[in-house]
1. May I have the count of lysine pairs in segment B:16-136 with C-alpha atoms under 21 Å apart, counting pairs 8 or more residues apart or located on different chains?
2. Once you have a ≥ b ≥ c as the square roots of the Cα gyration tensor eigenvalues for segment B:44-115, tell me rounded if a/c is under 1.5, and otherwise prolate or oblate according to whether a/b is larger than b/c.
3. Given labels modelled 7 Å from the Cα in the Cβ direction, how far is it in nm from B:LYS40 to A:GLU100?
4. Quick one: if the Förster radius is 30 Å, what FRET efficiency do A:ALA33 and B:PHE97 give, using the C-beta to C-beta distance and rounding to 0.05?
5. Determine the shielding of peptide B:106-118 by partner chains: average, over its residues, the number of Cβ atoms on other chains within 10 angstrom of each Cβ.
6. Using alpha carbons only, what's the Rg to Rh ratio of the protein assembly as shown with Rh from Kirkwood?
7. Segment A:80-94 to segment B:71-136: how many Å between their Cα centroids?
8. Given a Förster radius of 35 Å and the C-beta distance between A:ALA76 and B:ARG71 as r, what FRET efficiency does 1/(1 + (r/R0)^6) yield to the nearest 0.05?
Amino acid sequence: MALRAKRHIRGSAEIPTASMADIAFLLLVFFLATTTMISERGIGMVLPKWSGNQEPVKIPQERLIKIWINQYNRVAVDFEEVPIDQIARVVADRLRADAEDDDIVSLKTAPDAEYGIMVKVLDQIEEAYDLAGPGHTKRVSLATPGRMRENNGGP
Amino acid sequence: MPKFEKKSKADSRIPTASMADIAFLLLIFFVVTTTFRVYKGLPVHMPFAKQSVQLTEKRNLAYLWIDRDGRISIDDRLVGTEQVRFIMNAKMVANPFTIVSLKVDRKTQYGIVNRVLEELRRAEALRVNFATALNE
């Protein structure tokens with residue numbers, strides 16, 4: 001009698017594992033379906049700290065690579081108009097010529113210019129640093145003309 | 001010959017004992033990597049860029065939308081330019097590693113974007129990301 005009762009308890013204490021895989025797959029399918037695998041891409045930058053009303057630091061003109069975007073979405077590098085897809089090459093040449101590695105790319109965009117053009121130029125600047133090779137520290141400044149304070153930033 | 005038959009019969013069974021383990025492994029992977037999309041945002045057409053990089057720190061991202069009419073949306077609320085500072089400052093206090101992802105329409109006027117960038121600097125939300133699309 002005692003032996004039988006023991007056996008009975010032992011039999012019912014087992015957890016059924018046959019459906020374990022089913023449960024796991026059900027949850028798996030749920031998370032598969034809800035996961036958004038849409039990759040988000042972007043160009044990262046670090047903005048400079050807010051300096052308040054302090055006077056901006058004066059930068060010698062020869063250290064600047066000036067890129068302007070006007071309200072008609074046309075782009076000039078150092079006062080010379082350049083097609084957008086040529087900016088990377090022109091800026092890379094300028095970066096290579098800079099031996100001390102202290103050049104700053106200043107991107108000034110008119111408030112009426114399109115944001116999409118500005119991102120395209122930013123993309124070209126990133127490419128220029130790739131073309132110029134290692135040994136060039138990324139220094140990019142974003143600003144609008146007429147404003148003295150600049151959003152200096154690097155990635 | 002009969003020996004050969006027996007052997008093949010033994011091999012034709014797929015072991016199912018580890019099935020649950022495999023399923024749970026995949027399950028845990030997806031549980032960990034899933035980040036639920038919280039906000040709908042505004043309809044924007046992203047600008048194109050080739051040199052963009054894939055974002056990996058999704059949990060640290062705070063989104064900010066600007067559509068082509070210059071409307072700014074954070075957390076599915078339309079906000080004014082001057083409110084960006086306070087909202088983003090609160091986000092930076094909650095998570096100092098916040099990266100602000102700017103989802104701006106490519107036809108937006110740059111002046112609005114510049115004002116938002118200045119507000120972000122005041123909020124000390126200095127790490128930003130210009131969201132882009134890869135193909136035209």
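1. Summing the qualifying lysine pairs gives 10.
2. Values: a/c = 2.14, a/b = 1.10, b/c = 1.95.
Here segment B:44-115 falls in the oblate category.
3. Here the modelled spin labels are 5.6 nm apart.
4. On the way: r = 29 Å, r/R0 = 0.98.
Approximately 0.55, to the nearest 0.05.
5. Details: counts 7, 4, 5, 8, 17, 8, 2, 8, 9, 2, 0, 7, 6.
The mean count of partner-chain Cβ atoms within 10 Å per residue comes to 6.
6. Rounded to two decimals, Rg over Rh is 1.24.
7. Computed from Cα coordinates, the inter-centre distance equals 29 Å.
8. Numbers: r = 31 Å, r/R0 = 0.88.
The value I calculate is 0.70.
Quick note: the coordinates plus some simple rules give every number you see, no bench work behind them. In this text the structure is predicted, and so the values were computed from the model without any measurement. A quick note on method: Cβ atoms are made from the backbone with ideal geometry, for glycine too, and the neighbour counts reach across all protein chains shown.
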